[in-house]
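First up is the structure itself, then whatever we jot down about it.
The values are calculated or read from the model by the stated rules, or taken from the named source; none is laboratory data. The structure presented is a predicted model; accordingly, all values stated were derived computationally and were not measured. Glycine also receives a Cβ, built like all others from the backbone with ideal geometry; neighbour counts cover every protein chain displayed.
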Amino acid sequence: MKYELVKIEELCGDKATIYSIRLNGSEDTLLNRFIEKYKDSHLSEIEYIWEILKVVSNESGYRQSYFKPNEGFPGSQIEAIFDKPNSKLRLYFINLGKTILIIGDGGVKPKNIRALQESEELKENNDFLRHVSRDLELKVQNREITFSPNYMRLLGNLKFGDEDE
């Protein structure tokens, strides 16, 4: 699958840079797709998540109280943004050094399930982000992607494709 990392300008600030993923052939990022999917049924939660991202990038920087760590395999740096305490909406992202967040997709985690693996939608979205994390790690190791001197931006080839698999 081909995809690229895209900086979300309206969510970038002095404290963090926010990226999302654009799948090949799509004009929307996974973040936009998530918002479109849930804006009618979970508008207040979407607004809350958006505000968290703005606060993190412009004011406070990364704070673990906003997020649930260890949502992927060890070392994958995948975390979840909670919409509100005790709510069901989850949005997954890759945390790179607390100054770069790569937003993926998410979904609703019903209260009657304990683990994301019990929801096909959450499992698929989390698995894809794990794949992105592995691809990104390889490009960083091969120096195809580097970090800006202040560790706020990704530099290099942010496009990924089938030839990388």
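Things worth noting here:
- Flag if Ser148 is exposed (fewer than 13 other Cβ atoms within 10 Å of the Cβ) and either within 24 Å of Leu53 (Cα to Cα) or in contact (Cβ under 8 Å) with a residue 12 or more places away in the chain (or both): yes
- Residues in the stretch 45-72 that are without any contact (Cβ under 8 Å) to a residue 40 or more places away in the chain and either in a helix (DSSP H, G or I) or among the polar types (S, T, N, Q) (or both): 10 in all.
- From the list Lys111, Lys123, Lys84, the one residue that fits, being basic (Lys, Arg), loosely packed, with under 12 Cβ neighbours inside 10 Å and at pLDDT below 95, is Lys111.
- Neighbours by Cβ (under 7 Å, 6+ apart or cross-chain): first from the stretch 132-145, under 16 Å from Tyr3 (Cβ atoms); second assigned to a helix (DSSP H, G or I): Asp135/Asp164; Ile145/Leu136; Ile145/Lys139
The rows are residues; the columns are (1) within 16 Å of Asn95 (Cβ to Cβ); (2) touching a strand residue (DSSP E or B) at 6+ places or on another chain (Cβ under 6 Å).
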site: Tyr19; (1), (2): yes, yes
site: Thr29; (1), (2): no, yes
site: Ile35; (1), (2): no, no
site: Lys39; (1), (2): no, no
site: Ser44; (1), (2): no, no
site: Tyr62; (1), (2): yes, no
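- Looking only at the stretch 5-26, and only at residues there that are part of a loop (DSSP other than H, G, I, E, B) and without any contact (Cβ under 8 Å) to a residue 40 or more places away in the chain, the one that is farthest from Thr99 (Cα to Cα): Gly25
- Any hit, the stretch 90-101, residues being surrounded by 22 or more Cβ atoms within 10 Å (Cβ to Cβ) and over 20 Å from His131 (Cβ atoms): no
- Restricting the stretch 1-53 to residues that are touching a Gly at 6+ places or on another chain (Cβ under 6 Å) and charged (D, E, K, R) leaves a set whose member that is surrounded by the fewest Cβ atoms within 10 Å (Cβ to Cβ) is Lys2.
- Complete set of residues in the stretch 40-84 that are within 21 Å of Lys15 (Cα to Cα), touching an Asp or Glu at 6+ places or on another chain (Cβ under 8 Å) and of a type in the set (Val, Ile, Thr): Ile49, Ile78
- Any hit, the stretch 27-39, residues being at pLDDT 95 or above and part of a strand (DSSP E or B): yes
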